[in-house]
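**Q** The structure that follows is given in the form of structure tokens.
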Amino acid sequence: MLSFEEKKAIFHSFKLEEKQMSNGKVSFHYPESKQRGQVLATQLHSTGNGYVVGKYMSEETIKKNGFTVDSRGWISIKEFSIEELENVITEAMKSMLSTTTDIQEEPIETLSVQEETIQEDSPRQKSVEKDNEIKTTIKEEPSLQRYKRYRSPCLTYWTGLTKAVIEFHYIVWTGMIRK
């Protein structure tokens, strides 16, 4: 197991930016990252604990190198040797530089729709069709005409509310004065 200073020296050899965290922990940022996050390593502590980002790595890379990625997408580097640490940093930097994601496209199944024709038109179907035509012609009022009719509904509501409050206060105070 590497010491804290040895791990920091390895991270510094990759020209990463060091950021101090609380409790003596250190994180390393990779400013050339094309991914959303720039944190390459986090929670590097004097006890040897630390994590390198693994969520941008492909499944092939993870399996080939034998990395164990936790549910958050981080790889624990507590027990790594010099070669393993350099390898995981290199792979993490490569994964942060790539902008393509490995999305497997699955073919979309098309559903066939069968149309059935009705031979006889019943009077009930005709009346429903007529009712639907009437309803659709009534509902086809463009939204622009609705807004032309009410130029500023917010102002209208505000003035109505203000008027109602004033009238309410008038009624309350006149009732109080008369008593």
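The values are calculated or read from the model by the stated rules, or taken from the named source; none is laboratory data. No experiment lies behind these values; they were computed from the predicted model shown. Note that we place each Cβ from the backbone using ideal geometry, even for glycine, and neighbour counts take in every protein chain shown.
**Q** Is one or more of the residues making up region 52-68 within 16 Å of K7 (Cα to Cα) and at pLDDT 90 or above?
**A** yes
**Q** Taking the residues in region 32-53 that are of a type in the set (G, A, S) and surrounded by fewer than 22 Cβ atoms within 10 Å (Cβ to Cβ) as candidates, determine which candidate is farthest from V88 (Cα to Cα).
**A** My answer is S46.
**Q** Let me ask something additional. Here are D121, D131, D102: which of them is surrounded by 10 or more Cβ atoms within 10 Å (Cβ to Cβ), modelled with pLDDT under 85 and either outside the structural domain of F11 (by TED's automatic domain parsing) or part of a loop (DSSP other than H, G, I, E, B) (or both)?
**A** Selected residue: D131, the only one of D121, D131, D102 that is surrounded by 10 or more Cβ atoms within 10 Å (Cβ to Cβ), modelled with pLDDT under 85 and either outside the structural domain of F11 (by TED's automatic domain parsing) or part of a loop (DSSP other than H, G, I, E, B) (or both).
**Q** Filter region 67-101 down to residues that are in contact with a helix residue (DSSP H, G or I) (Cβ under 9 Å, 6 or more places away or on another chain) and within 14 Å of Q38 (Cα to Cα), then give me how many there are. Spell out the reasoning first.
**A** Going through region 67-101, the residues in contact with a helix residue (DSSP H, G or I) (Cβ under 9 Å, 6 or more places away or on another chain) turn out to be 67-69, 75, 77, 80, 82, 84-89, 91, 94-95.
Restricting the remaining residues to those that are within 14 Å of Q38 (Cα to Cα) gives 89, 94-95.
Total meeting the criteria: 3.
**Q** Taking the stated definitions as given, is R72 modelled with pLDDT under 90 and loosely packed, with under 13 Cβ neighbours inside 10 Å? Full working, then the answer.
**A** Working: modelled with pLDDT under 90: no; loosely packed, with under 13 Cβ neighbours inside 10 Å: yes.
Here the answer is no, as R72 does not meet what is asked.
**Q** Now a separate question. Out of curiosity, is K64 over 19 Å from K78 (Cα atoms), part of a loop (DSSP other than H, G, I, E, B) and over 24 Å from the mean Cα position of the chain (by Cα)? First the steps, then the outcome.
**A** Numbers: over 19 Å from K78 (Cα atoms): yes; part of a loop (DSSP other than H, G, I, E, B): no; over 24 Å from the mean Cα position of the chain (by Cα): yes.
No, not satisfied.
**Q** On to the next question. If you take just the strands (runs of 3 or more DSSP E) that sit entirely in region 1-44, which of them hold at least 3 residues that are in the same structural domain as M93 (by TED's automatic domain parsing) and either over 22 Å from V69 (Cα atoms) or modelled with pLDDT under 90 (or both)? Spell out the reasoning first.
**A** Numbers: elements: 17-20, 26-29, 39-44.
Output list reads 17-20.
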